[in-house]
Structure formats: C-alpha cells, structure tokens
Amino acid sequence: MDKSPIAHLPPPFDEILRRHEREIMRFLVRTTRDHEDALDLFQETWLRAYRAYPKLQNTDGIRPWLYRIATNLCLNRTRDRARHQGVVYDSELAEIASNAAIDNAHDQVLQLKVTVQRLPRKQREAVLMRKFAGLEYDEIATALGCSSEAARADVYQAMKKIRLAE
C-alpha cells in the first residue's frame, strides 16, 4: 500500500476537462435551448472551475461541483435576461407549440420540450441531470444545493408532471 502524498494528489485539471466537457456541454444546450448561449456558458463554466480548482477541498465530488457552476451560470443568465429584456419564455414556447403542424412524432417531442421548460426551475434542472445526464441523486443534491431527498422529490414531481402532460 502506497502511503506517499503523491498517491493522493487530485487529477490534473485537463483530465477533469476531458472527462466531463461533453456532458456539461449537453446539459447547457438542453438547459438554454440555444447553442450560442450554451457555448458562452460552457466557456464561463470551465473558466470558473479552473480558477476555483486549486482551492477545492474535496475532489471526489467534481462532477456535481461542475454541474453546480453550470446551473448557477444558467440561472444568472436567465435572471439577467428577464430583468433587462422582459423575456417570457413560456409564452414563446406555447406559441411555437401551437404553430407546429408537423408529424405526430415531432409534435410529441416538441410537447415534451415545452412541458420540461414549464417545470419549476429546480424540478427542470433535477430531471435534466437525472434523465439526460445520468447523475445520481446525491450528485444532483450537491449541484442544486439541497438534500438527496429533495433532489429525489424534484425528479419524482417533474416526471409526474411530464407523464400527466403526455
């Protein structure tokens, strides 16, 4: 058994980036629904993570920590846009859904997207992290700053609402 301090060094930041960049980008694209916004937030997420990484106490929870940074940046962007532009996303999504006159499968996908976007923020983020990113409940809890039970309840409530909308 190796007791040297080198055995307990955190992984280099570029390894962390390589390991998690795709899933963080997918999360941001799904959350923002805009590739350009997602790219901006992706860069900002990694910049903030890079700056904070040397001070990180526990490197076991890197994945939820990255999701927490990305989630906070999405929240900030949404809040700032709503404050400065008065954007109402729900009405825009409803208009898109009502104007969609395409095949049934496409309508169902669109309805699912609208339903997910209409979920309360914590439920939406929890269900995206669980169902699309595959995070465990304790990782979701860390990312959202709540208990594992609250994360589980948010996913459950979100899925219940999604099923009702089908």
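The values are calculated or read from the model by the stated rules, or taken from the named source; none is laboratory data. Computed from a predicted model, the values in this text were never measured in an experiment. Here Cβ is always computed from backbone atoms with ideal geometry, including for glycine, and neighbour counts include all displayed protein chains.
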Checklist line | Considering residues of region 121-148 that are outside any helix (DSSP H, G or I) and at pLDDT 90 or above only, the residue surrounded by the fewest Cβ atoms within 10 Å (Cβ to Cβ) | finding: S147
Note to self: For region 48-100, give me each residue that is more than 18 Å from the chain's Cα centre (by Cα), among the polar types (S, T, N, Q) and either at pLDDT 90 or above or closer than 19 Å to R124 by Cβ (or both).
What the structure shows: S91
Note to self: Can you go through T31, T45 and tell me which one is within 9 Å of the chain's Cα centre (by Cα) and within 16 Å of A143 (Cβ to Cβ)?
What the structure shows: T31
Item checked: Whichever residue in region 26-59 is of a type in the set (A, V, I, L, M, F, W, C) and surrounded by fewer than 18 Cβ atoms within 10 Å (Cβ to Cβ) and, among such residues, is nearest to L119 (Cα to Cα) -> V29
Next item on the list: Within region 118-137, track down each residue that is acidic (D, E) and either under 19 Å from L73 (Cβ atoms) or touching a residue at least 60 places away in the same chain (Cβ under 8 Å) (or both).
Entry: E125
Check: What are the pairs, 6+ residues apart or on separate chains, where a residue within region 153-166 that is assigned by TED's automatic domain parsing to the domain that holds K131 has its Cβ under 7 Å from a residue that is modelled with pLDDT under 90 and not in a helix (DSSP H, G or I)?
Finding: A158/L119; K161/L119
Notebook entry, point to check: Could you count how many residues in region 53-68 are free of Cβ contacts under 8 Å to residues at least 40 places away in the same chain and assigned to a helix (DSSP H, G or I)?
Noted result: 3
